[in-house]
Amino acid sequence: MSKLLIEGVSRTFAGVRGGEPVKALMPIDLAVAANDFITILGPSGCGKSTLLRIVAGLEAPSEGRVLLDGKAVTRPGPDRGMVFQSYTLFPWLTVAENIAFGLRERGLPEKERDEIVASYVDLVGLKGFENHWPKQLSGGMQQRTAIARALANDPEILLLDEPFGALDNQTRGLMQELLLGIWERRKKTVLFVTHDIEEAIFMASRVIVMTARPGRIKSDVAIDLPHPRHYTLKTSPEFSALKARLTEDIRVEAMRTVQAQPA
Amino acid sequence: MRPLHPVSPGIRTVLGISFFVLFVAFWAWITLGGHVNRIFLADPLSMLRDGWRLLVEDRFWLDILITIWRVFGGFLLASVVAVPLGIAMGAWKPVEAFLEPFVSFARYLPASAFIPLLILWAGIGELEKLLVIFVGSVFQIILIIAVKVGSTRRDLVEAAYTLGSTNNGIVRRVIMPANAPEIAETLRLVLGWAWTYVIVAELIGSSSGIGYMIINSQSRLATGQIIFGIIVIGLIGLLSDFAFKAFNRWLFPWSLA
């Protein structure tokens, strides 16, 4: 059975000031197997973030439904951990307290919380920074904390909405390796939204390419590159072939997006 | 001068003090130099002499204490009512829809115009003084806090929901801590305004306090005493503001780190 089922999910936004309603997502069907790492690749504004937010339960679909382990998603919950593109650490909590936030909301005793927090601090390489405020951290460290915070809840699925989009290129590459390393060791179902083709291929076991708005699935590409993956993979011929193919796919959609915009 | 270019701390201090010096020098020049009538404006030296006599002979420090007590008492009363209401209005939109129109209207009712009514209701005792400050501050605090709480970062709220927070948890463990420094800053601001209300309250139907001393001095044309009283208010206001600021910094290290 699929871990996550997206059945005919579409989203239409009401028109602004009596204007035409805007179709953000055409009906989408997608089945995600357990422990799959799926990247959703699409041009800006194609509705990929909207799709992720619907899975998270932060937005309701106009039609269709989302099933996680057979149960319909109606609202956000700790079984779907989310990492946002913007830095969403709670600024009044330290790194350790941020990671413990979900555990505290679920009423775990302090001793248990501390153990779990320590293991995730270790996992994302933030030892020694437990008592720092978010403001004292670099962007990469903040996102590492956010990943640890989402994982500490041991969610059924991890949702990431362009989590490395605001980071510089070098940091971004390191973060990709870190997240992939965690996934290779701990196995988790992951849905990762990005507009970066290299990132989409490098991370994924399956890349879903979306069309320009209104978004629908354009292609579904299995990435059979071996694990564990090393950054040198990005320069291999197999990788380049995949990149060339997806670049073509995305380019067509990006062109459509640009042409659709009024001059 | 280059716009927006920072100035060194040393020069900042020197510049800040030098305006005080200029101001007092100008004051001394027009009074001691005989450019204005002494009946209307005392010179700095006699102001200090009058102030000293007030403190030593007329037990003016008792008036100062009673005024401070009124400001903080009324302000505390207003805060206890206004902070929870402001948070509730910011967090829950039906509560806001219910109260916001009335509070917006009430904030423009001048506190000083309520003094005759408050005297009828509460007499001319301490309660009336506290109520003037209460009326003057409570609606302002409610509205400012409601606006701040209403603009809580949505992405933090969403993140908390995906981590398993309940609606109640969002209010108590996201909305309240996220806005705590802003709420404290609001209180600091309004405390400054409370100082103007207390003097007005003491000008009418009062037999103690800094405002009473000022109105009392007016009938004796003791402008030195009046100016001394005004300066004392300014100094206490400045001190309480500094203390409040330091307290906020100590309380919310994360917002400055």
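The values are calculated or read from the model by the stated rules, or taken from the named source; none is laboratory data. The model shown is predicted, which means the values in this text are computed figures rather than measured ones. Note that each Cβ is placed from the backbone with ideal geometry, even for glycine, and that neighbours are counted across all protein chains shown.
Summary table below
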| quantity | calculated |
| --- | --- |
| Residue tally, condition among the aliphatic types (A, V, I, L, M) and outside any helix (DSSP H, G or I), over region B:200-236 | 3 |
| Near pairs, Cβ below 9 angstrom, 6+ apart or cross-chain, from region A:72-86 (within 16 Å of B:ARG153 (Cα to Cα)) to any residue that is basic (Lys, Arg) | A:VAL83/A:ARG149; A:SER86/B:ARG153 |
| Residue that is farthest from the other protein chains (Cβ to nearest Cβ) [pool: residues in region A:60-81 that are surrounded by fewer than 18 Cβ atoms within 10 Å (Cβ to Cβ) and closer than 14 Å to A:LEU25 by Cβ] | A:GLU63 |
| In region A:149-203, residue farthest from A:ARG104 (Cα to Cα) [restricted to those that are part of a strand (DSSP E or B) and away from chain B (no Cβ under 14 Å)] | A:THR194 |
| Region B:121-171 - residue that is aromatic (Phe, Trp, Tyr) and within 28 Å of the chain's Cα centre (by Cα) and, of those, farthest from the other protein chains (Cβ to nearest Cβ) | B:TRP121 |
| Filter result (surrounded by 16 or more Cβ atoms within 10 Å (Cβ to Cβ) and either within 14 Å of chain A (Cβ to nearest Cβ) or more than 14 Å from B:GLY51 (Cα to Cα) (or both)) within region B:222-257 | B:ILE236, B:GLY237, B:SER240, B:PHE244, B:ASN248, B:PHE252, B:TRP254, B:SER255 |
| Candidate set: region A:84-115, residues that are assigned to a helix (DSSP H, G or I), within 13 Å of chain B (Cβ to nearest Cβ) and hydrophobic (A, V, I, L, M, F, W, C); chosen: the one nearest to A:PHE192 (Cα to Cα) | A:ILE99 |
| Top-ranked residue of region B:37-52 - restricted to ones that are part of a loop (DSSP other than H, G, I, E, B) and either at pLDDT below 90 or under 28 Å from the mean Cα position of the chain (by Cα) (or both), ranked as farthest from B:ILE214 (Cα to Cα) | B:ASN37 |
| Failed item in (1) touching a residue at least 24 places away in the same chain (Cβ under 8 Å); (2) of a type outside the set (D, E, K, R); (3) within 30 Å of B:VAL135 (Cβ to Cβ), with B:ILE39 passing the rest | (3) |
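Results for (1) under 29 Å from B:TYR197 (Cα atoms); (2) surrounded by fewer than 19 Cβ atoms within 10 Å (Cβ to Cβ), shown as yes or no for each residue.
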site	(1), (2)
B:GLY90	yes, no
B:GLU100	yes, yes
B:ARG153	no, yes
B:GLY169	no, yes
